[in-house]
Amino acid sequence: MNNFFTANLAEVDPTIAEAIDDEVRRQSNGLELIASENFVSEAVLQAMGSVFTNKYAEGYPKKRYYGGCEFADVAEQLAIDRAKEIFGAEHANVQPHSGAQANMSVFLASLQHGDKILGMNLSHGGHLTHGHPMNFSGINYEVSDYGVNKESEQIDYDKLQRKAEEAKPKMIVCGASAYPRTIDFQRIGEIARSVSAIVMADIAHIAGMVAVGLHPSPVPHCEFVTTTTHKTLRGPRGGLILCREEFAKPVDKAIFPGVQGGPLVHIIAAKAVAFGEALQADFKTYQQQILDNAQALADELKAQGMRLVSNGTDNHLILIDVFENGKGITGKEAEKALDAVHITVNKNTIPFDTNSPFVASGVRIGTPALSTRGMKEAEMREIGRMIASIIREPNSEAVQTKVKREVTELTEKFPMYPTRYKEAKTEAISAS
Ligand code: DSN
């Protein structure tokens, strides 16, 4: 397998080869703190770059619309079995090309056009597909929203209960993309049952922790659980749906032929590899390190005087209020200033934000990718000091020079994809 590639991309398409090498260098030389990103293993990369990309396999294992699917069946069945084992789910569909398509399929499987849904407000940490007016979820369904309490900046479950009683939704959507606290899926399940609603939990951000029991699982409390596979779960870019057996048929029909055509068999094979990795004992150690790193980073940021939304974190992500009601800088400015010193984050709205999403008052940071690289609490504290110094003095050349040097020292201590990176470096030197 390692010797499979005899053609040299650099000769066939030098521009793309160079872009890939540049991206290897960018990922290696910077501090990746985007909470939804991670670095997959070389085994996952190999499966993604395999000949399964050539195969059409509409349908499901042993029930395909094309011939020649016997090996695609092996990959997909293994991915399904491993996903069910990881999460203790009755049924798994591993075909969604993305988290958005996983969510869309659950809506299609369980709702009629115009039905009422109750989802978490995007600026309080929710997601576009949970009912945003510009997304299919807000266009096709009648949406009410819930959010966090203004003081605690944590989900107000009593208010959610009242909203559910008022709105009488057919479905409550929970899970978040920028919420630093534990989500009480049991309570949300109880609220849903009290108003005869069903629940979809989107665990895209926290799936890795749920997989190893370091975040309470929604599976016993929610009819549907969706996730992406590339965040804390550390697999290829894609989606996954888990549900109870009674919803298996409608969910499978909603994915194919409802929302998608041919599955991406190479990605499904890579999902199987990643799920296999998630079943190993060291995956729990990794998830615990993500959490320990987030605590260390949050503590250091607070020690440096930064205001954190909800005053801290229970999971892998931290939202820093960099705007501080106009006393600080915008999220957009903070993202740019950090980018300039090779610290990659994203601007993010904070609850009750007065800035638009494109400007935003916060930045969202997360520890999954740097934990994969092997960094631990001491490095997180160092990074916390770097981030605070840039946010406090975004235009200081002296601070920029110092932080850039510290970033280089740190990234050199924690090499990633060492073989490929070495090759990329050598090629760049010989080309110059
Ligand atoms: N774009 C993803 C994230 O960054 O959280 C959610 O879809």
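Values in this text are rule-based calculations from the coordinates and carry no lab data. In this text the structure is predicted, and so the values were computed from the model without any measurement. Because the Cβ atoms are built from the backbone with ideal geometry, glycine has one as well, and the counts that use them run over all protein chains shown.
A few comments on the model shown:
- Cα convex hull, segment 322-381: 96 Å³ per residue, rounded to a whole number.
- DSSP finds beta bridges in the chain, and of those with both partners inside it, around 55 percent are antiparallel.
- Here the Kirkwood formula, the inverse mean of 1/r across different C-alpha pairs, assigns segment 1-83 a hydrodynamic radius of 16.0 Å.
- Percent of beta bridges antiparallel (DSSP, segment 162-277, rounded to nearest 5): 40
- Think of segment 1-86 as a dipole: +1 on every Lys or Arg Cβ, -1 on every Asp or Glu Cβ, centred on the Cα centre; then among M48, A75, V24, A75 lies furthest on the positive end.
- For segment 137-237, the Kirkwood hydrodynamic radius from C-alpha pairs, put into Stokes-Einstein at 37 °C and a viscosity of 0.692 mPa s, yields a diffusion coefficient of 231 µm² per second.
- On the principal axes of its alpha carbon atoms, segment 179-337 extends 53, 41, 32 Å, with the longest extent given first.
- For R307, nonlocal amide neighbours, meaning residues 5 or more places apart or on other chains whose placed amide H falls under 5 Å from its own, are D321.
- Quarter the surface of the alpha carbon convex hull of the chain and you get the mean projected area, 21.4 square nanometres.
- Listed peptides 9-20, 194-205 by packing density, highest first (mean Cβ within 10 Å): 194-205, 9-20
- Simple Cβ-charge dipole of the chain, Lys/Arg +1 and Asp/Glu -1, about Cα centre, in debye nearest 20: 340
- In segment 208-291, the C-alpha radius of gyration followed by the widest Cα-Cα span (Dmax) gives 14.0, 40 angstrom.
- Dividing the mean sequence gap of close Cα pairs (under 8 Å, 6+ apart) by how many residues the chain holds gives a relative contact order of 22 percent.
- Toward the positive end of the charge dipole of the chain, with +1 on the Cβ of Lys and Arg and -1 on the Cβ of Asp and Glu, the farthest Cα among G238, Q154, Q186 is that of Q186.
- In the chain the longest region clear of trypsin sites (Lys or Arg not before Pro) that are loop-assigned by DSSP and have at most 11 other C-beta atoms within 10 Å covers 151-326.
- Ignoring lysines fewer than eight residues from K302 along the same chain, the ones with Cα atoms less than 30 angstrom from its Cα are K150, K159, K231, K284, K327, K332, K336, K347, K376, K402, K404, K413.
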